[in-house]
Amino acid sequence: MRVIAVASAKGGVGKTTISANLAAAIAQTGRPVLAIDLDPQNAMQWHFGGAQTDAVRGLSALTDGRVSFARLIHKNAAGIHFIPFGITGELKRQKLENLLLQEENWLRSRLESAVQNPETVVILDTPPGPSPYLHQAIHAADFVLAVVLADAASYVTLPEIEELIQAYGGLSRRPESAYVVNQAGGRQLSQDVVQMYASQLGDRLIPYYVPESSAVEESLAFEQTAITYAPDNPATIAMMQVRDWLLARI
């Protein structure tokens, strides 16, 4: 089992879109994949046909000690296995967060018990910025994929992301990490920021940039990943290249 945590220091960078499409792209290789939504916004399910998902049966149900990971796994029409966060009230959400704060290995230990196939790749979508969910994800991860935009607002968050990876990774099994630029545009400012990323990150910047694409937005409207909806789109091709880059390293 290899675990990839997808993270960002700020919202609005397309982190959930990258998470869902990465899971779909890995599934196309025939390798088993499990995508898990650790964000209380519960948005990743909509990339996988959320209208057919039991809205309650999600990660938040694990506050009930009688519920197992295996019982929460959904499978969509494309054969992708995923666990949504689930719909929960404030008290139940706080109960889950208290569990995560009390046991640092909570997520990793449950993944090791639930995932039987050693070839499985687990994709963890996380909320932006510091949180108990991101702490659990990075601590459980073998690899952290940080999503950024080609703009100044994302560039200035690099120190924060680096600090979170260091703080949450732990000393015994600190994960490797890399960055992917999403929604890359053709403007000179965008190109300049990408060059700044490359200068600072070196080979930790994935050399395939995901371009802006209306097809990615359209795919969500149809409750599909862009991998399924628009396989020949430049953004989709870039995400497949990101997949190959990651699989070669994990």
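The values are calculated or read from the model by the stated rules, or taken from the named source; none is laboratory data. Given the structure is predicted, the values throughout are model-derived calculations rather than measurements. FYI the Cβ positions are ideal-geometry reconstructions off the backbone, even for glycines, and counts take in every protein chain you see. To get the accessible areas, we keep the full protein, side chains included, count just its heavy atoms, and leave off ligands, DNA and RNA. Shrake-Rupley method; radii C 1.70, N 1.55, O 1.52, S 1.80 Å.
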Log entry, pairs with first residue in region 85-111 being over 20 Å from Thr16 (Cβ atoms) and without any contact (Cβ under 8 Å) to a residue 60 or more places away in the chain, second being open to solvent by less than 30 Å² (accessible area, probe 1.4 Å) and of a type in the set (Ser, Thr, Tyr), beta carbons closer than 7 Å, six or more apart or on different chains, reads Lys92/Ser60; Lys92/Thr63; Lys95/Thr63; Leu99/Thr63
Can you confirm whether region 14-25 contains a residue that is in a helix (DSSP H, G or I), modelled with pLDDT under 90 and open to solvent by 10 Å² or more (accessible area, probe 1.4 Å)?
-> no
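For the structure I just gave you, tell me whether Val148 is part of a strand (DSSP E or B), under 17 Å from Ala238 (Cβ atoms) and open to solvent by less than 10 Å² (accessible area, probe 1.4 Å).
Judged against the criteria, Val148 is a match.
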Do we have any residue at all in region 157-174 that's closer than 28 Å to Ala215 by Cα and buried (at least 21 other Cβ atoms within 10 Å of the Cβ)?
-> no
Within region 177-191, is there a residue that is among the basic types (Lys, Arg) and open to solvent by 70 Å² or more (accessible area, probe 1.4 Å)?
-> yes
Does region 169-178 contain at least one residue that is of a type outside the set (D, E, K, R), in contact (Cβ under 8 Å) with a residue 24 or more places away in the chain and assigned to a helix (DSSP H, G or I)?
-> yes
Unmet criterion (only one of (1) aromatic (Phe, Trp, Tyr); (2) in a helix (DSSP H, G or I); (3) in contact (Cβ under 8 Å) with a residue 40 or more places away in the chain; (4) open to solvent by 30 Å² or more (accessible area, probe 1.4 Å)) for Tyr197 | (4)
Residue identified as closer than 26 Å to Ser131 by Cα and of a type in the set (A, V, I, L, M, F, W, C) among Ile237, Ile227, Ile165 | Ile165
When region 93-141 is examined, which residues are found to be more than 13 Å from the chain's Cα centre (by Cα), under 21 Å from Leu247 (Cβ atoms) and in a loop (DSSP other than H, G, I, E, B)?
-> Val115, Gln116, Asn117, Pro118, Glu119, Thr120
Output the qualifying pairs, or none if there are none: Cβ atoms under 9 angstrom, residues six or more apart or on different chains, first residue in region 204-215 and open to solvent by 70 Å² or more (accessible area, probe 1.4 Å), second residue aliphatic (A, V, I, L, M) and assigned to a loop (DSSP other than H, G, I, E, B).
-> Tyr209/Ala150
Going through region 229-240 one residue at a time, which ones are open to solvent by 70 Å² or more (accessible area, probe 1.4 Å) and not charged (D, E, K, R)?
-> Tyr229, Pro231, Pro234, Ile237
Pairs, please: C-beta under 6 Å, at least 6 apart or cross-chain, first residue part of a loop (DSSP other than H, G, I, E, B) and in region 64-81, second open to solvent by 50 Å² or more (accessible area, probe 1.4 Å)?
-> Ile73/His81; Ala78/Thr228
